[in-house]
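Where a number appears in this text, it was derived from the coordinates with a stated rule and is not lab data. Please read these numbers as outputs of a predicted model, since none were measured by experiment. Cβ placement follows ideal geometry from the backbone for every residue including glycine, while neighbour counts extend to all protein chains displayed.
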Amino acid sequence: MRGTKLICDQCGLPVAEVIGDVLVIFSRHHGKKHRTVIPVSNILVAMEDKLSVDTPSENEIESM
């Protein structure tokens, strides 16, 4: 199945692709290529604030 590529605004390379009903995100860290697959339905639920998503605040102090 062919998908729709989402392109980086700065360098023009693909950063993600929508294939069917999933979003595939391409990234690289620790010297390795990674791929994250997220169903679009999960994104829509999160947008409706029905899904709990942990996002650290910039002002949050991390306890040791």
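Structure above, values below:
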quantity: Other-chain or far-sequence residues with amide H under 5 Å of residue 16's (modelled H); calculated: 6, 26
quantity: Amide proton proximity set for residue 23, modelled H, under 5 Å, gap of 5+; calculated: 38, 40
quantity: Length-normalised contact order for segment 4-47 - Cα pairs under 8 Å, 6+ apart - percent; calculated: 25 percent
quantity: Positive-pole candidate from 18, 36, 47, dipole of segment 4-47, charges at beta carbon; calculated: 36
quantity: Derived scalar couplings ³J(HN,Hα) [segment 4-13; Karplus, 6.51 cos²θ - 1.76 cosθ + 1.60; whole Hz; x for Gly, Pro]; calculated: 9, 7, 9, 9, 5, 5, 8, 10, x, 8
